[in-house]
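Below is one structure, written out as structure tokens; comments come after it.
The values are calculated or read from the model by the stated rules, or taken from the named source; none is laboratory data. Just so we're clear, the structure is a prediction, and the values are computed from it rather than from any experiment. Here Cβ is always computed from backbone atoms with ideal geometry, including for glycine, and neighbour counts include all displayed protein chains. Keep in mind that these areas ignore ligands, DNA and RNA; they rest on the heavy atoms of the full protein, side chains included. Shrake-Rupley method; radii C 1.70, N 1.55, O 1.52, S 1.80 Å.
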Amino acid sequence: MRALVWHGKEDIRCDTVTDPEIEQPRDAIVKVTSCAICGSDLHLFHNFIPAMLPGDIMGHEMMGEVVEVGPEARHKLKVGDRVVVPFTIICGQCDQCKRGNFSVCEATNRKKYLADKVFGHPTAGLFGYTHLTGGYPGGQAEYLRVPFADATHIKVPDGIPDEKVLFLGDIFPTGWQAAVQCDIQPTDTVAIWGCGPVGQMAIRSAVLLGAKQVVAIDHLPERLEMAEAGGAITINFDEESVVERLNELTGGLGPEKCIDAIGMEAHVSPSMPDTVYDRAKQMVGAESDRPHVLREMIYVCRPAGVISIPGVYGGLVDKIPMGQLMNKGLTIRTGQTHVNRWTDDLLRRIEEGQIDPSFVITHSVSLEEGPEMYKVFRDKQDSCIKVVLKP
Amino acid sequence: MTYSISNIARSKGDPKVLHSGPSSLGAADRLARALGWYSIGLGLAELFAAKRITRALGMEGKEALVRAYGVRELGHGIVSLSPDKHLGLWSRVAGDGLDIATLMTAMRHDNPKRDNVGIALAAVLGVTLLDIIGAQGVTARHSRPHGRPRSYRDRTGFPQGVQAARGAARDFKVPPDMRAVPTLAAVSDRAPQEKAQEKARPH
């Protein structure tokens, strides 16, 4: 089969690989009908997330049709079922899964020995990601083996186009969880840094959850325009001070809820000297992430507010103002997304027409065009915001 | 072929690469990578073999300068190998100018190693040409073209419109483990009731 394979920094290739095989009784094989390139794939593309190996198949946002089912998954899945595959692999039986903390499932990371060393304790296995999370082959491919398939799936009805439900596997629940863990009140201003795909979903989620005002921060005109279309007030950080404008919009109090939809690769600009400092340290390996957004959020957030971090961080960050954070009594909520905790509710909202996540797709191409689209997406060329691949 | 070795880390049913296809790396990216590693190599040589280099060029006494250039080369290399490779390559072009100017000072008639300096100059000029080609190539390949971006003004994501969407999910119950501390407004709203209850309570 064909698959997009990681060969090293900025080197993704459309390779011919062997077909996946059922390994465990709970496995299933899915024929991928649609998959997407996620913003966090770019962290792997840049080799900022440790423990990728040449030959790893990319992709953690995919859906398709079940074509083979292991004997212990047959009570939940059958050949022909249409499923979205969540990016977090879950057993559905461990303590964490029972609590709904699916992204820290205790059973699915098959490389626990690595995760124990790096994270202290293992987190869930993830598709198409680092070997710290199991090194499971991803879904930017024609076929995908889904481990623990009886729990790791979201069944979707026929008749809804792939494009409307595909993002149930990652960016939609990720944006939703980012907003939910802010516990949005009708009096709240929610500020969202980053108008990429997760930022766009967080904006829509905050609007649906009834925030008083939603403010979106970026500098790319097309992304700001999409944010505005979704009901956000926008701030272009190239043109105005984020802190001053947020204070102005909140009567000098600061936003109650702040969402970091950027993560470890904050934009670098001489007008924000800390970003240059971070980039220099990142280049020589003295810091793995560029946490400009974290610093800005902690500074501008209203005391006793909430900071929600769906943006991916990989390792060590520097110069985090703990004094501000502690004295202002801020609450930080973060984590990979507990996808299956939200998807029944979100699928219902899609079916009822409350939201149509396909708005974010700007490019739909074949799998063979995948390597070039990584470059286009990374360089933000051709007004690219979200790429869907059709194997 | 590194993927053949890394297959050790894969399980039996994991797909393995049979044939490799076209890469996301363009020719300019590969040139940048080669020049980046060249910078690292040259930088290390200048740093650790400064004496040999100055002797070969008849520039004895300039070891500290050569070592400083070595550190500079390492910097060019690190940036050229990073996603900001265009900055690395343009900084290499500037560095080439500095190298040429420095070598020119050694082209004196009384320098017995003048021939070696000539060879070094020719090499630097050749590399400068590659640096310019590489820098222009990666800049062109990775820049956002000027002009108007596409319009996404109609991409609301809300089939029933933004106004209908505002608060449409207020029926959603935030799970207890994700609730924040009460907002200031909620505390203020509750305060009068609590005060009334306190007053009614027998002392």
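Restricting to the range B:123-132, and then to whatever is under 16 Å from B:L42 (Cα atoms) and free of Cβ contacts under 8 Å to residues at least 60 places away in the same chain, can you tell me which residue is surrounded by the fewest Cβ atoms within 10 Å (Cβ to Cβ)? Even if it seems obvious, please write down each step before you answer.
The first filter runs over the range B:123-132 and keeps only residues under 16 Å from B:L42 (Cα atoms), leaving B:123-128, B:130-131.
If we keep only those that are free of Cβ contacts under 8 Å to residues at least 60 places away in the same chain as well, we get B:123-126, B:128.
On the way: B:A123: 12, B:V124: 18, B:L125: 13, B:G126: 10, B:T128: 17.
Filtering first and then ranking leaves B:G126.
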Checklist outcome for this item: Of (1) surrounded by fewer than 24 Cβ atoms within 10 Å (Cβ to Cβ); (2) under 22 Å from the mean Cα position of the chain (by Cα); (3) part of a loop (DSSP other than H, G, I, E, B), A:H60 fails just (1)
Next on the checklist: I'm checking my understanding of the structure. Among residues of the range A:18-45 that are open to solvent by less than 10 Å² (accessible area, probe 1.4 Å) and facing chain B (nearest Cβ under 9 Å), which one is nearest to A:V365 (Cα to Cα)?
Outcome noted: A:F45
Checklist entry - If B:V138 satisfies every condition in (1) surrounded by fewer than 17 Cβ atoms within 10 Å (Cβ to Cβ); (2) in a helix (DSSP H, G or I); (3) among the hydrophobic types (A, V, I, L, M, F, W, C) but one, which is the exception? => result (1)
Next on the checklist: So the check is Cβ under 6 Å with 6+ separation or different chains; which pairs have a first residue in the range B:133-147 that's within 12 Å of chain A (Cβ to nearest Cβ) and hydrophobic (A, V, I, L, M, F, W, C) and a second one that's open to solvent by 60 Å² or more (accessible area, probe 1.4 Å) and assigned to a helix (DSSP H, G or I)?
Outcome noted: B:V138/B:H86
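If you go through the range A:278-310, how many residues are of a type in the set (A, V, I, L, M) and at positive phi?
1
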Checklist entry - Got at least one residue in the range A:303-321 being touching a residue at least 60 places away in the same chain (Cβ under 8 Å), among the hydrophobic types (A, V, I, L, M, F, W, C), surrounded by 22 or more Cβ atoms within 10 Å (Cβ to Cβ) and within 12 Å of chain B (Cβ to nearest Cβ)? => result yes
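Taking the range B:100-118 as the region of interest, how many residues are outside any loop (DSSP other than H, G, I, E, B) and in contact (Cβ under 8 Å) with a residue 12 or more places away in the chain?
Residues flagged as outside any loop (DSSP other than H, G, I, E, B) and in contact (Cβ under 8 Å) with a residue 12 or more places away in the chain within the range B:100-118 amount to 7.
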Item to check | Lone qualifier among B:A180, B:A120, B:A168 - being modelled with pLDDT under 85 and either facing chain A (nearest Cβ under 7 Å) or crowded, with 16+ Cβ neighbours inside 10 Å (or both) | outcome: B:A180
Checklist entry - Quick check, is A:L77 touching a residue at least 24 places away in the same chain (Cβ under 8 Å), of a type outside the set (V, I, T), within 12 Å of chain B (Cβ to nearest Cβ) and surrounded by fewer than 24 Cβ atoms within 10 Å (Cβ to Cβ)? => result no
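For every residue, the table says whether it meets (1) open to solvent by less than 10 Å² (accessible area, probe 1.4 Å); (2) part of a helix (DSSP H, G or I); (3) within 16 Å of A:H60 (Cβ to Cβ).
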{"residue": "A:N340", "(1), (2), (3)": "no, yes, yes"}
{"residue": "A:D344", "(1), (2), (3)": "no, yes, no"}
{"residue": "A:R348", "(1), (2), (3)": "no, yes, no"}
{"residue": "A:G353", "(1), (2), (3)": "no, no, no"}
{"residue": "A:E368", "(1), (2), (3)": "no, yes, no"}
{"residue": "A:D382", "(1), (2), (3)": "no, yes, no"}
{"residue": "A:V388", "(1), (2), (3)": "yes, no, yes"}
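Conditions tested, residue by residue: (1) in contact with a Lys or Arg (Cβ under 7 Å, 6 or more places away or on another chain); (2) more than 30 Å from A:T18 (Cα to Cα).
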site: B:P15; (1), (2): no, no
site: B:L18; (1), (2): no, no
site: B:A32; (1), (2): yes, yes
site: B:L35; (1), (2): yes, yes
site: B:A45; (1), (2): no, yes
site: B:A56; (1), (2): yes, yes
Checklist outcome for this item: The number of residues in the range A:252-281 that are surrounded by fewer than 24 Cβ atoms within 10 Å (Cβ to Cβ) and of a type in the set (V, I, T) is 3
Checklist entry - What do you reckon, is A:D170 among the charged types (D, E, K, R), closer than 20 Å to A:L346 by Cβ and surrounded by 24 or more Cβ atoms within 10 Å (Cβ to Cβ)? => result yes
Item to check | Residues satisfying the stated conditions in the range B:63-98, i.e. open to solvent by 40 Å² or more (accessible area, probe 1.4 Å), in contact (Cβ under 8 Å) with a residue 24 or more places away in the chain and over 20 Å from B:L31 (Cβ atoms) | outcome: B:L65, B:V71, B:R72, B:L98
Checklist outcome for this item: If you go through A:V198, A:V165, A:V214, the only one that is of a type in the set (A, V, I, L, M, F, W, C) and open to solvent by 10 Å² or more (accessible area, probe 1.4 Å) is A:V198
Checklist entry - Which of the residues spanning the range A:249-277 are assigned to a helix (DSSP H, G or I), within 21 Å of A:G199 (Cβ to Cβ) and out of contact with any strand residue (DSSP E or B) (no Cβ under 7 Å at 6 or more places or on another chain)? => result A:D274
